[in-house]
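Notes follow once the structure below has been shown.
The values are calculated or read from the model by the stated rules, or taken from the named source; none is laboratory data. No experiment lies behind these values; they were computed from the predicted model shown. A quick note on method: Cβ atoms are made from the backbone with ideal geometry, for glycine too, and the neighbour counts reach across all protein chains shown.
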Amino acid sequence: MIRKSRRAFTSLALAALGLSWTLPSPAAEPIKIGLVAALSGQSALSGEAITRGLQVAIDEVNAAGGLLGGRQLVLVRRDDESNPAKGVTAARELLYKEKVAVVFGGIDTPVALAIAPLANQAKVPFMNPWAAGTPITHNGANPNYVFRTSAVDELVDKGMLAYAQKTFNTSKFGLLMINNPWGESNQKGLTAALAAQGLTAVGSEKFGGSDVDIVPQLTRLRDAGADTLFLVANVGPAAQVVKSMDRMGWKVPVVSHWGVAGGRFTELGGPNAGNVHFVQTYSFYGKLSPVGEKVVASLKAKYPDIKDVSDINPAVGVANAYDGMMLTALAIANAGSTDGDAIREGYYKIDRHEGLIKTYVRPFTAEQHDALNENDYVWAHFIDNRIVPVGVNP
């Protein structure tokens, strides 16, 4: 009885000040946020980075009072092992058993492409903080429940060409793509980017994720006169490319998509792995914004292995997930509920948000579900095991 009177008094006092505050129920049901990601295997480092970005954002939202009248956010994770079939199983469990309000996931484009139709069918938003395949968000669904805070292949491909031309002054490009939907997406994007400048690749090759000898494909590209390689693959396969080039004694610039940043690339690829230049959406090196300083402080406080910014690796996993979660919190608040369709509409109502990667201004519309664009990319390489922007001395 005393507790009830105190709550009533608090509400009356706030009302007298012209303020309002919805006091949370002690038994308020938490809002579940799902994550399907590679939590084991060669891309496990990426899954951990995404987890940490999400968790730091969730902690921040919860510390500020939660959402929808004080409901706390909780993260529910499932491992997809970079396997589309396992990703589908994990997503179904999160959507229908755990009944998450939003599902995050998709380090690998094939996994994300497999999950997207499930999210659209279940009418639950799917926020993608990593996989860059263009068709993930450009999936033809109406309404579309798939959103992204990450790079987009068709934009990255234009950036790869521009970066190679500016940095290496080269003009004979060879394409080396992993043989899966992500590779196909980029093969189309790079071909279109070249065609827009009246250029064609001197050769285009594919290789499998389990291939350990890429010398035949590389030999054909070398013999065709390639003076730069555009590489699209995740950590393990990309490492085999670098090692195969070493065996051949062939040294040309390698400009890569960001798959190489997702794990133990320098360990697996050997000493020349550091010569590969690749795209990123964020780096913690250099002068940080107030949001960046806050996130770094939170990461250090929560995770003892993070002593400085060089330990936040890969940075894009943390940054994309953090911003994706904060934007999702705004969408849920705008929705006023955990109804999937209301949250989808809530994303469209976000006006302005000071994020980690950038200041977002109307990041999502019914026609545009990608919050980042080509102006948000930076180029990096490995120095030892650290991902460092090109030109920065850590």
Legend entry - Residue, surrounded by the most Cβ atoms within 10 Å (Cβ to Cβ), within the range 120-142, restricted to residues that are more than 16 Å from Asp370 (Cβ to Cβ) and in contact (Cβ under 8 Å) with a residue 24 or more places away in the chain: Val124
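Report the residue count in the range 244-267 for those that are closer than 24 Å to Glu184 by Cβ and either over 18 Å from the mean Cα position of the chain (by Cα) or β-branched (Val, Ile, Thr) (or both).
To start, the set of residues in the range 244-267 that are closer than 24 Å to Glu184 by Cβ comprises 244-245, 252-263, 265.
Next, from what is left, pick out any that are either over 18 Å from the mean Cα position of the chain (by Cα) or β-branched (Val, Ile, Thr) (or both): 244-245, 252-255, 260.
The qualifying residues number 7.
Scan the range 242-266 residue by residue and report those that are aliphatic (A, V, I, L, M) and surrounded by fewer than 21 Cβ atoms within 10 Å (Cβ to Cβ). Explain how you work it out, then say what you get.
Going residue by residue through the range 242-266, those that are aliphatic (A, V, I, L, M) are 242, 245, 248, 252, 254-255, 260-261.
If the condition is that a residue be aliphatic (A, V, I, L, M) and surrounded by fewer than 21 Cβ atoms within 10 Å (Cβ to Cβ), then Met248, Val252 are the ones that fit.
State yes or no: is Ser283 in a loop (DSSP other than H, G, I, E, B), surrounded by 14 or more Cβ atoms within 10 Å (Cβ to Cβ) and small (Gly, Ala, Ser)?
Details: in a loop (DSSP other than H, G, I, E, B): yes; surrounded by 14 or more Cβ atoms within 10 Å (Cβ to Cβ): yes; small (Gly, Ala, Ser): yes.
For Ser283, the condition - in a loop (DSSP other than H, G, I, E, B), surrounded by 14 or more Cβ atoms within 10 Å (Cβ to Cβ) and small (Gly, Ala, Ser) - is met.
Restricted to the range 86-103, and to residues that are touching a residue at least 60 places away in the same chain (Cβ under 8 Å) and under 18 Å from the mean Cα position of the chain (by Cα), which residue is farthest from Glu48 (Cα to Cα)? Even if it seems obvious, please write down each step before you answer.
If we filter the range 86-103 for residues that are touching a residue at least 60 places away in the same chain (Cβ under 8 Å), which is where we start, we get 94-95, 98-103.
Within this subset, residues satisfying the condition of being under 18 Å from the mean Cα position of the chain (by Cα) are 102-103.
Details: Val102: 19, Val103: 16 Å.
By that ranking, first place goes to Val102.
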Inset, instruction - Give me a count of the residues in the range 64-85 that are in contact (Cβ under 8 Å) with a residue 12 or more places away in the chain and either part of a strand (DSSP E or B) or out of contact with any Leu (no Cβ under 9 Å at 6 or more places or on another chain) (or both). - result: 15
Inset, instruction - Please find, within the range 1-59, the residue that is modelled with the lowest pLDDT out of those that are closer than 29 Å to Val124 by Cα and among the β-branched types (Val, Ile, Thr). - result: Thr22
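Can you find a residue that is part of a helix (DSSP H, G or I) and at pLDDT 95 or above anywhere in the range 201-216?
If we filter the range 201-216 for residues that are part of a helix (DSSP H, G or I), which is where we start, we get 215-216.
Going one step further and asking which of them are at pLDDT 95 or above, we end up with 215-216.
Among the residues of the range 201-216, at least one is part of a helix (DSSP H, G or I) and at pLDDT 95 or above, which makes the answer yes.
Collect the residues in the range 77-118 that are among the β-branched types (Val, Ile, Thr) and either touching a Phe, Trp or Tyr at 6+ places or on another chain (Cβ under 7 Å) or at positive phi (or both), keeping them in residue-number order. Full working, then the answer.
Kept after step one, since they are among the β-branched types (Val, Ile, Thr), are these residues of the range 77-118: 88-89, 100, 102-103, 107, 109, 111, 115.
Result: Val103, Ile107, Thr109, Ile115.
Output the residues belonging to the range 344-376 that are among the hydroxyl-bearing types (Ser, Thr, Tyr) and surrounded by fewer than 20 Cβ atoms within 10 Å (Cβ to Cβ).
At the first step, the residues of the range 344-376 found to be among the hydroxyl-bearing types (Ser, Thr, Tyr) are 347-348, 359-360, 365.
Scanning the range 344-376 gives Tyr348, Thr359, Thr365.
Residues Tyr303, Tyr322: which one is hydroxyl-bearing (Ser, Thr, Tyr) and either closer than 15 Å to Leu372 by Cα or exposed (fewer than 15 other Cβ atoms within 10 Å of the Cβ) (or both)?
Values: Tyr303 fails: either closer than 15 Å to Leu372 by Cα or exposed (fewer than 15 other Cβ atoms within 10 Å of the Cβ) (or both).
One residue alone meets the criteria, Tyr322.
Yes/no per residue for (1) buried (at least 17 other Cβ atoms within 10 Å of the Cβ); (2) assigned to a strand (DSSP E or B):
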| position | (1), (2) |
| --- | --- |
| Glu184 | yes, no |
| Thr191 | no, no |
| Ala226 | yes, no |
| Leu229 | yes, yes |
| Gln240 | yes, no |
| Leu268 | yes, no |
| Asn272 | no, no |
